[in-house]
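Before we start, here is the structure in question, set down as structure tokens.
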Amino acid sequence: MARYPKKINPGVILGLPYLAHLMLFFVYPLVFSFILVFHRWDIVTPMEFVGMRNIGRIFADEVFLQSIINTGVFLMLHIPLQIVVALFFAVLLNEEIRARGFFRTLYFLPVVVSGVVVTILFQQLFSYDNGLLNQFLAALGLPYVPWLVSSKWAMPSIALMATWKNVGLYIILFMAGLQSIPSQLYEAARLDGTSTWQRFYHITLPMLNPTMVTVVVLSVIGGFSLFIEPYVMTGGGPMNSTPRSSPMGRSATSTCCPSTGRCRTT
Amino acid sequence: MGKTGYRNPVYCMAFLLLALAGCGDPSNPAGDSGNGVTTLTYWSAPNPQEYAMAQDLVAEWNRDNPHIQVKLQALPAGQSSEEVLLSAMVAGTTPDVCSNIWPGVTNDFIRAKGLYALDRFGDFEQVMTERVPEDIIESVRSADGHIYQIPWKTNPIMVQYNVTMFEDAGIYEFPRTYSAFLEAAAKITRDNDGDGRMDQWMGFRDIRPIWWQRYYDYYTSYITASGGKTFFDKGELAIDRKASDQVFSFYQSLYDNGYFPRSSLQGNAFLYDVIATEFTGPWNIAYLENNAPASLRYDFAPVPVPDDYEGDIYSYGDHKNIVIFSTTKHPEESWEFVKYLTTREADYKLLNFARQIPVRKNLLEDPEFEAFFRDNPMLARFAEQAAYTRGVDSIRDLKEILDAVARYYEKSSVYGAIPPGQATEEMIEAIRVIREWNH
């Protein structure tokens, strides 16, 4: 066995690759991004110090300001919808129903489907003139809905798509939470003559609180970083009403950021 | 090293670093091989037709020039050619010559001192004036007075239309003006299956506010309506307000009346008689030849003009130019190769192999090309239009400016939320703010 000099702790050496990785891929980009906030730089020409100009510029950008509102609206629609749908299916799939494994897999499938595939699918479903949903509504004698071509409908449509895509993950989380609730609590409640709703409201919901927090945190993160699907579906339209213009999306569209400094500021 | 030496983390790390260092390519991409042969690197566009043409040209050059050998490479894959070239510039790995340069990005390259000024070559002026029309030469002159690029090819935007659908509507000549186009649209847009909803439209454009989509509607029509003007004149914002209003208004009429649908259409709607027109370039000819059903009769016509417009009909031309990068160690040899790429013979190959239009004077009258255009009448339409094309302004912030255009186009033309005049004024103000903040 090779011997190390006594003063060097092998742990330090073994930790070095991780430290190098951390410095190179996390600390350095973070510090460099912060420096770029105060510079104009297009990668090929020398950096130019611009002070607070990048910060002033993003607040003069009406699309950026709209993007903050859009993100708030999207989260307000998306999070409650996601929680209600996920909880409903988690409770259902937690029961002893036939083909439970099949349904669990089925609901989880959209999570692993590529975002672009989901986008194309929903673009065709939501198409105004020849989309499947509007054909269905027409067959029922109902008027067409301008799913993606109205600033009122576009955001709920995208929230619907995002919920369909991600709900499987939250079903799994809720199911894990449900299975950790001690069955004695339900038995005791049953002996006390409680109804199903009372057991759900007074036992299940409070006991799922930690899971609920996780789901909300993950939904908020997902909502903030949602970009590809709405960008491909609506490009941020109609009239800046969808989350292409979320702060993350705005910085990701290089078209709007000729100055990498402004991207970093965003 | 002892038996367990390879387990020592220090050795492992050193080995890893050496292995990583070994991954680099130490070869000189362009240089002398030591036997008097100069090797140049040439990047062409990666599309199969153009690459095949480049292979043919390079093989011929290498055969005829044993002392200047050219190594051909298709532009490496990336999100866009501009992004790849920018990365290469930062890394210092640009080729000697590249023939896929979008004029909108050359200004950035020039500021980065990445391009070689071609007008430093003694015979530059002669080569340029023999081939390229005077106004196009001026359009590529940089702000510092030098010329860094040779206008090589252009893809003029025209209207592709379904002849049968027009004839069925009683229209035997493609409409020249906005009014005539709207009149034709009213006849062609219809409900064929009687369910009370339209299922056949005059045309379709992607309405998403994506900057480059506006090249094929607003920007093309703006160039047409303004008689060949772009947004800037000698670096100063000079948008023709009247032309812009007319364009916003024209598209607003198309969407308001339902002649263009606001929704997306599945598949290629033009192939199956769902839409009667499409704004497109010559690249679509090969696509139609290979994919259109035998029953589809199509033709190409110039973009419609405002009713009161008189004069030549201009259009947007997606230019691609040739440059020599300043990293070259052999500018003279590179220039010789560039001259070869722009000869009449090479231009013929560009037409024949790649079906793209060279930026060459009197293309249609040139006996070298006459037989070709007789056999390819569709391409002849584009060649005719090529003499009346304008590209993009070679300025900074172009993408951001077009992003603003896309927003006002959507607001006014697609959804009719603001009148055309207001859209033009607000768009100009937005562009002014972009310029002011970015400079």
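Across peptide A:44-54, what mean number of C-beta atoms from other chains lies inside 10 Å of a residue's C-beta?
On the way: counts 10, 5, 1, 0, 0, 0, 2, 0, 0, 2, 1.
Taking all residues of A:44-54 together, the mean is 2.
Provide the percentage of antiparallel DSSP beta bridges, counting only those with both residues in the protein assembly as shown; round to the nearest 5. Could the numbers behind the result be given before it?
Details: 26 of 40 bridges.
Counting only bridges with both partners in the protein assembly as shown, antiparallel ones make up about 65 percent.
Shifting gears a bit: Are any of the pairs B:329/B:361; B:229/B:399; B:153/B:229; B:187/B:399; B:242/B:339 more than 30 Å apart by Cα-Cα distance, and if so, which?
Numbers: B:329/B:361 32 Å; B:229/B:399 18 Å; B:153/B:229 20 Å; B:187/B:399 37 Å; B:242/B:339 42 Å.
Pairs exceeding 30 Å: B:329/B:361; B:187/B:399; B:242/B:339.
Rounded to the nearest 5, what % of the DSSP beta bridges within chain B are antiparallel ones?
On the way: 24 of 38 bridges.
So the antiparallel bridges amount to about 65 percent of the total.
Please list, or write none, the aspartates and glutamates whose alpha carbon is within less than 14 Å of the alpha carbon of residue B:320, excluding same-chain residues fewer than 8 places away.
Those aspartates and glutamates meeting the cut-off are B:50, B:82, B:347, B:393.
Say R0 is 35 Å: what FRET efficiency, to the nearest 0.05, do residue A:224 and residue A:142 get from their beta-carbon distance?
Values: r = 35 Å, r/R0 = 0.99.
The pair residue A:224/residue A:142 has a calculated efficiency of 0.50.
On C-alpha positions alone, give me the angle between the axis of helix B:331-341 and the longest principal axis of chain B, in degrees, nearest 10.
40
With everything on Cα atoms, drop me the angle between helix B:241-256 and the longest principal axis of chain B, reported from 0 to 90° to the nearest 10.
Roughly 70 degrees, rounded to the nearest 10.
Sticking with this structure for a sec: Using DSSP to define loop residues, name the trypsin sites (Lys or Arg not before Pro) in region A:88-151 whose beta-carbon has at most 14 other beta-carbon atoms within 10 Å.
Working: sites: A:98, A:100, A:104; in loops: A:98.
Here the sparse-neighbourhood loop sites are A:98.
Assign one of three labels to region A:64-252, namely rounded, prolate or oblate, based on the Cα gyration tensor with a ≥ b ≥ c the square roots of its eigenvalues; rounded applies when a/c is under 1.5, prolate when it is not and a/b is larger than b/c, and oblate otherwise.
prolate
Evaluate the charge dipole of region A:64-252 about its Cα centre and quote only its size in Debye, nearest 20, assuming +1 on the Cβ of each Lys and Arg and -1 on the Cβ of each Asp and Glu.
Working: 9 positive and 6 negative charges, 36 e Å.
With Lys and Arg at +1 and Asp and Glu at -1, about 180 debye.
Ok, one more. Residue A:152: which lysines have alpha carbons under 22 Å from its alpha carbon, excluding same-chain residues fewer than 8 sequence positions away?
Hits, sequence-local ones excluded: A:165, B:411.
Could the peptides A:183-193, B:55-65 be put in order, highest first, of the mean number of other beta-carbon atoms found within 10 Å of their residues? Mind showing how you got there, number by number?
Working: A:183-193: 10.7, B:55-65: 15.1.
The densest-packed peptide leads the list: B:55-65, A:183-193.
While we're on this one: Please compute the average number of Cβ atoms from other chains found within 10 Å of each residue's Cβ in peptide A:122-130.
Working: counts 0, 3, 3, 0, 2, 5, 5, 12, 9.
For peptide A:122-130, the averaged partner shielding equals 4.
So which helices of chain A fit the span-like rule, where a helix is a whole DSSP H run, its Cα atoms reach 18 Å or more along the axis, and its mean Kyte-Doolittle is at least 1.6? It would help to have the intermediate numbers written out before the result.
Working: long enough: A:10-22 (19 Å, 1.32); A:62-94 (47 Å, 1.76); A:100-112 (19 Å, 0.88); A:154-179 (37 Å, 1.22); A:209-225 (24 Å, 1.48).
Span-like helices in chain A: A:62-94.
Another question, then. Can you give me the relative contact order of region A:64-252 as a percent, contacts being Cα pairs under 8 Å and 6 or more apart?
Details: 212 pairs, mean separation 69.5, N = 189.
Result for region A:64-252 is 37 percent.
Give the calculated FRET efficiency between residue A:135 and residue B:332 to the nearest 0.05, with a Förster radius of 51 Å applied to their Cβ-Cβ distance.
Working: r = 66 Å, r/R0 = 1.29.
Result of the calculation: an efficiency of 0.20.
Gap in Å between the Cα centre of region B:102-155 and the Cα centre of region A:170-199?
75
Read-outs throughout are calculated quantities, based only on the coordinates presented, and are distinct from any laboratory measurement. Everything numeric in this text was worked out from a predicted model, so none of it was measured. Neighbour counts run over all protein chains shown; Cβ positions are idealised from the backbone, glycine included.
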